[in-house]
Amino acid sequence: MLETLSEPMGYSFSVSENQMMVRSMVKDFAEKHIREHVMEWDEAQIFPVEVFKKLGELGLMGVLVPETYGGSGFGYQEYVDVIVGISKVCGSIGLSLAAHNSLCTGHILAFGNEEQKAKWLPKLATAEWIGAWGLTEANTGSDALRMMTTARLEGDEYVINGAKNWITHGNSGDVAVVMVRTGESGSSKGISAIVVERGTPGFSAGKKENKLGMRASETTEMIFDNCRVPKENLLGVEGEGFKQAMKVLDGGRISIAALSLGIAKGAYEAAVAYAKERHQFGQPIANFQGISFKLADMATEIEAAELLIRQAADLKNRGLKMTKESAMAKYFASEVAVKASTEAVQIFGGYGYTKDFPVEKFYRDSKLCTIGEGTSEIQKIVIAREVLNA
């Protein structure tokens, strides 16, 4: 069945030695450095930069970056394992890890020239620098072609004016890839991508969002007020930024799908353990069909989501088009995360509604997955377009 979804299908169901090593390393890291702090960071909205520095020491901030630039040189299957493993414990850390790797770092890796890669990738891959990526604005979410942030070339510098919203690491990021309008509004050839380093005059952080979930992943405005950037910071050529961003988002959808999968697995595993331990009417609640059927649905949908993700990752690894497959994976996995976490809260009952147990946080974190990097509705548009134009 899966082989009919994409041509050709080459994904192997066997787990490589690299994947086994990565899974073990990530699990150990999450248990040692993340789990005990999850609610502390969530309640106080703390973005734990020191954790990302430690992740950088393990090569997990440059999973896809070649070793020549200080990265791990892994492929997308290992990358999925990293995001899933972290997100099973904390979706916020998984989200920031994904944004750093696939958006900022991934954009430079895919479209930077050799000089740009050598300049920025080693710092990003080791977490010496944290990366941000700016596309969304207050009035242009899905309608990115009508962005208002502009860049005007004056001599050897671009002068940037405007603001970006909902930016992961918009305050703490050391470097950002920013999409700006260099041409006509509404034109796919009117957008360019420019790298802006923190400390550049005219570049500042604005409002920090007070979010429902993912509260330990920093989300802020980025503001540009006559911000002057060397023209050498342009990625690719002028006018190709939108096309670049759409390709970056193809890979980014795999990241958010993996984030969703990790959250769903975390909620599911907590629900299974609780259903076995919680007794009512003289027996574990797992014995009741009303509970066991919920777990059966969760398990089945989580497996299906993972297959879609692994397929998209395989196509990405082989350099094949995977716009449809990554959109399917992101759409389905994000909806599964919401459903699985909702059912987990239900299985926990009243305890699931408290912060003493982990499922309420999975529940809050999961909703972002259906919104960030393209809403579920946008994914359906992408999927439908790919299907109808096939």
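The values are calculated or read from the model by the stated rules, or taken from the named source; none is laboratory data. Remember, predicted model here, so these are calculated numbers, not experimental data. Note: ideal-geometry Cβ built from the backbone for every residue, glycine included; neighbour counts use all protein chains shown. Side chains included, ligands, DNA and RNA excluded: accessible areas come from the protein's heavy atoms. Shrake-Rupley method; radii C 1.70, N 1.55, O 1.52, S 1.80 Å.
Results, tabulated for the structure shown:
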{"item": "Selection from the range 122-151 of residues that are assigned to a helix (DSSP H, G or I) and either free of Cβ contacts under 8 Å to residues at least 12 places away in the same chain or buried (at least 23 other Cβ atoms within 10 Å of the Cβ) (or both)", "result": "124, 125"}
{"item": "Check on residue 344, closer than 25 Å to residue 19 by Cα, open to solvent by less than 70 Å² (accessible area, probe 1.4 Å) and part of a helix (DSSP H, G or I)", "result": "no"}
{"item": "Residues (of a type in the set (D, E, K, R), surrounded by 21 or more Cβ atoms within 10 Å (Cβ to Cβ) and more than 26 Å from residue 273 (Cα to Cα)) located in the range 354-386", "result": "373"}
{"item": "Of all residues in the range 196-244 being under 15 Å from residue 163 (Cα atoms) and of a type in the set (A, V, I, L, M, F, W, C), the one that is most open to solvent (accessible area, probe 1.4 Å)", "result": "223"}
{"item": "Pair list, Cβ under 6 Å, 6 or more apart: the range 373-386 residue on the phi < 0 side of the Ramachandran plot, other residue open to solvent by less than 30 Å² (accessible area, probe 1.4 Å)", "result": "376/370; 379/327; 379/330; 382/327; 383/327; 386/323"}
{"item": "Condition check for residue 292: farther than 30 Å from residue 156 by Cβ, in a helix (DSSP H, G or I) and not charged (D, E, K, R)", "result": "yes"}
{"item": "Contacts under 6 angstrom Cβ, first residue in the range 32-44 being within 18 Å of residue 85 (Cβ to Cβ), partner modelled with pLDDT of 95 or more and not in a helix (DSSP H, G or I), 6 or more apart", "result": "34/89; 34/90; 35/89; 38/90; 41/48; 41/216"}
{"item": "Yes/no for residue 296 being more than 27 Å from residue 326 (Cα to Cα) and either touching a Lys or Arg at 6+ places or on another chain (Cβ under 9 Å) or of a type in the set (A, V, I, L, M) (or both)", "result": "no"}
{"item": "Residue among 306, 325 that is open to solvent by less than 20 Å² (accessible area, probe 1.4 Å) and part of a helix (DSSP H, G or I)", "result": "325"}
{"item": "Count - residues of the range 64-88 that are surrounded by fewer than 24 Cβ atoms within 10 Å (Cβ to Cβ) and either under 20 Å from residue 172 (Cβ atoms) or among the β-branched types (Val, Ile, Thr) (or both)", "result": "1"}
{"item": "Pair list, Cβ under 8 Å, 6 or more apart: the range 50-78 residue at positive phi, other residue acidic (Asp, Glu)", "result": "73/67"}
